[in-house]
Every structure is written in structure tokens, then in C-alpha cells.
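The values are calculated or read from the model by the stated rules, or taken from the named source; none is laboratory data. Predicted, not measured: the structure shown is a model, and the values here were computed from it. All Cβ positions, glycine included, derive from the backbone under ideal geometry; neighbour counts span all protein chains shown.
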Amino acid sequence: MKHLILVFIGGGIGSVVRYLVGRAMGEILTLKNFPIGTFTVNILGCLLIGIILAWLSKNTQADKAWSLLFATGFCGGFTTFSTFSYENILLIQKGEMGVALLYMGASLLIGLLACSLGMLLVK
């Protein structure tokens, strides 16, 4: 039960932070048809999970609860593959194939780089 509560708390906080960051990014930076809010939270989430899991793997004494709270809970609530998928479908339906491909490619490439960077920062 403790594990479920940790994931619940982390996920709730992550979801609220995702909403706030996504909204702020939409107000700060407007890119024509590019979903900058979702892109930003997903890339930040990749960086964070790299940092969190690399740190936890280095600290073998760390309780599994930290992974559940921060990686599974917070990062799981903070990032959003479902919104990413939906936004790409909408872009394709609007005939914005170039923007959709840019969004997909940049999300994958920069997401992997951000996760790697997070892991490198801990080493």
C-alpha cells in the first residue's frame, strides 16, 4: 500500500507541474502549430528520469521508495505520451505533416539526448 501511495503522490504532483509548465511555455513561446508545452515537459521529464535513475543506481543504499515517488510517480505524471500522440494526429489531420514529423523526430532525438545527459550529469 505504501508503494501505491508514493506513486499516487508523485504522479499527482507531476501532473500539476506538467500543467503549469505547459501553460507557461505556451504563454512564453509561441511557435506556429508546434506543441511547445508538451514538448518541453517531455524533454524535461527525460532529463529528470535520467538524473533520478542514475543517482539511485549509484546509491545502492537508496530505498526503492525514492524511485517509485520520483521516477514512476513524478516523471510518469509529468510527462505525457498520450498527449504527444494526440497532438501528432491533429497535426497530421490538419495537413501539417512537416510539423508532425519535426515534433516526432525532435521529441525522440532530444528526449534520448536529455536522458543521456541526465545520466552523465550524475556520473
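Overview of results
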{"read-out": "Complete set of residues in the range 68-95 that are among the charged types (D, E, K, R) and touching a Lys or Arg at 6+ places or on another chain (Cβ under 9 Å)", "value": "none"}
{"read-out": "Test: residue in the range 53-68 that is over 28 Å from residue 3 (Cβ atoms) and not β-branched (Val, Ile, Thr)", "value": "no"}
{"read-out": "Wholly within the range 1-108, helices (runs of 4 or more DSSP H) carrying at least 1 residues that are under 26 Å from residue 123 (Cα atoms) and either among the β-branched types (Val, Ile, Thr) or touching a residue at least 24 places away in the same chain (Cβ under 8 Å) (or both)", "value": "2-28, 36-58"}
{"read-out": "Of the criteria (1) within 23 Å of residue 104 (Cα to Cα); (2) surrounded by 12 or more Cβ atoms within 10 Å (Cβ to Cβ); (3) among the aliphatic types (A, V, I, L, M), which one residue 28 fails", "value": "(2)"}
{"read-out": "Filtered residue count, the range 27-67, keeping only those that are under 16 Å from the mean Cα position of the chain (by Cα) and within 28 Å of residue 98 (Cβ to Cβ)", "value": "13"}
{"read-out": "Residue satisfying all of: in the range 69-87; of a type outside the set (A, V, I, L, M, F, W, C) and crowded, with 20+ Cβ neighbours inside 10 Å; nearest to residue 5 (Cα to Cα) among these", "value": "73"}
{"read-out": "Filter result for residue 94 (basic (Lys, Arg), over 18 Å from residue 6 (Cβ atoms), modelled with pLDDT of 95 or more and surrounded by fewer than 20 Cβ atoms within 10 Å (Cβ to Cβ))", "value": "yes"}
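A quick yes/no check of all residues on (1) more than 22 Å from residue 117 (Cβ to Cβ); (2) in contact with a Lys or Arg (Cβ under 6 Å, 6 or more places away or on another chain); (3) surrounded by 18 or more Cβ atoms within 10 Å (Cβ to Cβ); (4) among the acidic types (Asp, Glu):
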| site | (1), (2), (3), (4) |
| --- | --- |
| 6 | yes, no, yes, no |
| 18 | no, no, yes, no |
| 49 | no, no, yes, no |
| 53 | no, no, yes, no |
| 58 | no, no, no, no |
| 66 | no, no, no, no |
